[in-house]
Amino acid sequence: MNLLAHLHLSDGLSTATTAGNVLADYVRRFHAEPIDDEFRTGMRLHQAIDVFAEFDEHHRAARKCIGISRRRLASVIVDVAFDHCLARHWSRFAAVPLEPYVVERLGRIQAYVHESGSPLKALVDRAIEQGWLLSYATIEGVRTTFRRVSGRSRAAKGLLGAEEEIERHGDCLERQFYAFYPRLMKTFAGKTRT
């Protein structure tokens, strides 16, 4: 799953564990160390969520919605597409509106990461300043996400323009999201709610 889902699936957890769940994919890229044991717990949760998604029948079905030319990047595209669905239909999954929810939760993560002195500070600052998690609600925001991610590697360049897949196959992706996300929430409810 992508950033917004990882944040949402951290409800009820400490700020440190939430930070580990949201930022796990960036630790190596930023040459950072896990900040503390709670952060490590969040990283393990992140990995468990990703493994669940990889093998879930509805996530697999969603990957098949993606056109052949981008099929090798289907997992990344579906993760972003599912965050797009989550952002657009947020009120079905959360009582607090999306913007105040994201602002408050990321603000706590920002304070925690800054206090730790982690190299992840710059990433969190940029994510807040550029509204990464809020941008999933629009196709333009999804386009910006794919542009940003496409610079990470030669293979990732294929993500440029991948928002077209979400526009073209939106019904298929949304159907699979609605089958997948409640199962994901139920599976991790005991692990993410205190």
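The values are calculated or read from the model by the stated rules, or taken from the named source; none is laboratory data. Note that the structure is a prediction, hence the values are computed from the model and not measured. Backbone-built Cβ (ideal geometry, glycine too); neighbour counts: all protein chains shown.
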Report yes if Leu159 is within 20 Å of Ser91 (Cβ to Cβ), out of contact with any strand residue (DSSP E or B) (no Cβ under 9 Å at 6 or more places or on another chain) and crowded, with 19+ Cβ neighbours inside 10 Å, otherwise no.
-> no
Within the stretch 6-62, count every residue that is more than 15 Å from Leu106 (Cβ to Cβ), of a type in the set (A, V, I, L, M), in a helix (DSSP H, G or I) and touching a helix residue (DSSP H, G or I) at 6+ places or on another chain (Cβ under 9 Å).
-> 8
So which of Arg126, Arg152 ends up being part of a loop (DSSP other than H, G, I, E, B) and either surrounded by fewer than 15 Cβ atoms within 10 Å (Cβ to Cβ) or touching a His at 6+ places or on another chain (Cβ under 6 Å) (or both)?
-> Arg152
Between residues in the stretch 80-93 that are modelled with pLDDT of 95 or more and residues that are acidic (Asp, Glu) and assigned to a helix (DSSP H, G or I), which pairs lie under 7 Å by C-beta distance while being six or more apart or on different chains?
-> Cys85/Glu174
Write out, first by first residue and then by second, each pair whose Cβ atoms fall under 6 Å of each other, whose residues are 6+ apart or on separate chains, and whose first residue, in the stretch 147-160, is of a type in the set (Val, Ile, Thr) while the second is in a helix (DSSP H, G or I) and modelled with pLDDT of 85 or more.
-> Val149/Leu159
Would you check if there is a residue in the stretch 137-147 being touching a helix residue (DSSP H, G or I) at 6+ places or on another chain (Cβ under 7 Å), over 17 Å from Leu4 (Cα atoms) and surrounded by 18 or more Cβ atoms within 10 Å (Cβ to Cβ)?
-> no
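Would you check if there is a residue in the stretch 104-123 being under 16 Å from the mean Cα position of the chain (by Cα) and not in a helix (DSSP H, G or I)?
As a first pass, look at the stretch 104-123 and keep what is under 16 Å from the mean Cα position of the chain (by Cα): 105-106, 109, 123.
Pick out the ones that are also not in a helix (DSSP H, G or I) and you get none.
Looking through the stretch 104-123, none of the residues is under 16 Å from the mean Cα position of the chain (by Cα) and not in a helix (DSSP H, G or I).
For the stretch 13-25, state whether one or more residues are charged (D, E, K, R) and without any contact (Cβ under 8 Å) to a residue 40 or more places away in the chain.
From the stretch 13-25, those charged (D, E, K, R) are 25; that's our starting set.
Now drop any that are not without any contact (Cβ under 8 Å) to a residue 40 or more places away in the chain, which leaves 25.
For the stretch 13-25, residues charged (D, E, K, R) and without any contact (Cβ under 8 Å) to a residue 40 or more places away in the chain: present.
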Look at Ile68 and say whether it is modelled with pLDDT under 95, β-branched (Val, Ile, Thr) and surrounded by fewer than 16 Cβ atoms within 10 Å (Cβ to Cβ).
-> yes
